[in-house]
Amino acid sequence: MENPGTLSRFVISIALVAAGLWFPGRQLFARENTDKQNATSATSSTERVKRTGEQIFMENCSRCHRPPMAISPRITGTIVMHMRVRAKLSREDEQALLRYLAP
Amino acid sequence: MPPFSTTTYGTNTGRQVGRVMKIILLAASLLFCTAQLSAQDAESEPSHAGHVPVLSGGLGYVYNVNGGTSTLSPIIDPVLLLALGSHVLVESRADFVGVFQRRNGNGDYTGQVFSYVDYAQIDWLANTHAMVVAGKYITPFGIYAERLVPIWISTFQSNPLTYSVGTRTSGAGVGGQLRGVVAQTNKYSVQYSAYFSAFSSVYQLDAARTTGFDASVYFPVHRFEVGTSYQRFLQQRHINSEAAYVSWQPPHIPLDVKAEYDHSYYGHGYWIQAAYTLSQVPVANSFFKRMELGGRMEQVFPLNGGGNGLPRIDTQRPGVALNYYIRDDLRLVSSYQRQFSSAKDVNIWNIGFTYRWQWPLWPGRE
């Protein structure tokens with residue numbers, strides 16, 4: 001670190017990368033904790049969750065088209081993401097749909 | 001003279017160390033984020049839903065007669081869905097439409113196939129309130145363009161007369177869009193989208209410079225939705241376009257009612273459409289529950305000379321449709337519409353079939 005400019009750039013780089021690590025990490029942990037809480041409450045009543053997922057499926061799919069009779073579990077996640085964007089579904093609804101369509 | 005033009009061995013070594021440190025830290029941060037996303041995916045989705053790439057879409061073959069001119073239209077609309085984790089989705093839809101008409105009115109059918117990229121976008125599903133869309137996207141104006149255009153969805157195979165309001169010039173925007181849920185309870189959901197599109201004349205990415213928003217409230221208990229759209233067209237003549245729409249699927253009746261009113265500098269008009277599935281017919285129920293009876297009424301009143309996709313004279317177009325679902329993804333379609341205007345009254349017939357598919361493009365767990 002012979003040059004003060006190099007030192008300052010190095011410090012700024014460290015700071016930027018640290019900020020880059022901290023912010024998304026914080027967001028992810030926060031989201032993850034929320035998801036864990038949702039998952040815990042969701043598993044407390046399987047029947048309620050299943051019914052809710054079915055309700056969300058029937059209420060939202062039929063806004064535009066006939067609900068499909070079956071979706072392969074391996075593409076369910078992708079399809080539901082697509083429908084979440086198109087139908088502007090909440091993340092909670094997305095999770096309920098996934099649990100209903102691919103339990 | 002640049003401040004670091006004096007080259008010494010020590011300075012170069014310091015720069016190299018800095019670069020290496022940056023690369024290592026950047027790679028570490030990317031790895032960290034990826035690992036976190038994977039962990040999140042595994043823990044936040046207690047289901048067996050897979051995220052393999054999907055080739056979806058619809059195809060159809062429609063025989064159309066418009067004012068005595070018959071057209072054969074094979075149509076394929078493939079949709080590619082590529083999920084990157086559970087928060088990022090790359091999606092695109094192309095449109096291949098054949099237009100074949102009789103040579104000289106009574107000769108052999110001849111024509112060509114047109115191809116077009118309807119949208120090609122990347123979606124970041126950040127959270128409930130914000131989903132970021134970038135790329136070429138369908139203009140979120142009204143209820144028809146975004147939701148009812150796919151051939152396997154639409155009750156009628158012709159777009160409403162007011163379709164061009166808010167969708168000029170290509171039906172798509174190139175730029176960014178924010179969409180999501182403002183607030184949601186068990187009784188209602190307030191949804192929005194806001195966008196800005198730059199002018200683009202790039203092949204397959206053409207779009208006009210526009211900005212606008214769409215907002216709607218959905219009442220899931222009553223399956224009723226009401227919404228409004230606004231757009232400011234920002235090139236050539238700057239004009240405003242507005243729309244108001246409703247959508248209703250009564251919970252205990254197999255009925256789907258949709259209506260929209262559109263207004264722009266070049267005209268205004270409405271369409272109202274109802275589709276009833278005959279599943280309540282007590283006889284031959286297994287046959288009638290697959291049958292859908294539709295009706296649509298539309299009117300357009302041009303302003304300032306009309307044009308730009310709208311008729312130039314007052315036009316009315318009532319019509320009926322009869323569709324039969326052989327399976328939930330395969331149906332026969334037919335419709336008849338009568339178009340009235342002071343210039344000429346014409347009949348519009350459509351008959352054909354549509355098919356929807358969803359294919360995984362990658363092996364995965366079942």
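The set of residues in region B:275-294 that are of a type in the set (G, A, S) and surrounded by fewer than 17 Cβ atoms within 10 Å (Cβ to Cβ) comprises B:S279, B:A284, B:S286. Within region B:172-186, no residue satisfies the criterion of being part of a loop (DSSP other than H, G, I, E, B) and crowded, with 22+ Cβ neighbours inside 10 Å.
The residue that is nearest to the chain's Cα centre (by Cα), among those in region A:86-100 that are facing chain B (nearest Cβ under 7 Å) and buried (at least 23 other Cβ atoms within 10 Å of the Cβ), is A:R91.
Listed here are the strands (runs of 3 or more DSSP E) enclosed by region B:207-264 that have at least 3 residues being without any contact (Cβ under 8 Å) to a residue 24 or more places away in the chain and either touching a Ser or Thr at 6+ places or on another chain (Cβ under 9 Å) or not assigned by TED's automatic domain parsing to the domain that holds B:Y137 (or both): B:224-233, B:255-264. Residues in region A:63-77 that are touching a Pro at 6+ places or on another chain (Cβ under 7 Å) and within 18 Å of B:L89 (Cα to Cα): A:R74, A:I75. The number of residues in region A:49-81 that are in a helix (DSSP H, G or I) and surrounded by 18 or more Cβ atoms within 10 Å (Cβ to Cβ) comes to 16.
Please enumerate the residues belonging to region B:311-338 that are of a type outside the set (V, I, T) and in contact (Cβ under 8 Å) with a residue 40 or more places away in the chain. Of everything in region B:311-338, those that are of a type outside the set (V, I, T) and in contact (Cβ under 8 Å) with a residue 40 or more places away in the chain turn out to be B:P311, B:R317, B:G319, B:A321, B:N323, B:D329, B:R331, B:S335, B:Q337.
So that you can scan it fast, the table gives a plain yes or no per residue for (1) in contact with a helix residue (DSSP H, G or I) (Cβ under 9 Å, 6 or more places away or on another chain); (2) without any contact (Cβ under 8 Å) to a residue 40 or more places away in the chain:
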site: B:V90; (1), (2): no, yes
site: B:R102; (1), (2): no, yes
site: B:G107; (1), (2): no, yes
site: B:L125; (1), (2): yes, yes
site: B:V133; (1), (2): yes, no
site: B:P140; (1), (2): yes, no
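Out of all the residues in region B:332-366, which are more than 9 Å from chain A (Cβ to nearest Cβ), part of a strand (DSSP E or B) and among the charged types (D, E, K, R)? B:R338, the sole residue that qualifies.
If the condition is being among the β-branched types (V, I, T) and surrounded by 14 or more Cβ atoms within 10 Å (Cβ to Cβ), then region B:190-206 contributes only B:V190.
Please tell me if B:N186 is of a type outside the set (S, T, Y), over 20 Å from B:G142 (Cβ atoms) and within 14 Å of chain A (Cβ to nearest Cβ).
Yes.
The values are calculated or read from the model by the stated rules, or taken from the named source; none is laboratory data. Not measured: the values here are computed from a predicted model. Every residue, glycine as well, gets a Cβ built from its backbone with ideal geometry; the counts of neighbours run over all protein chains shown.
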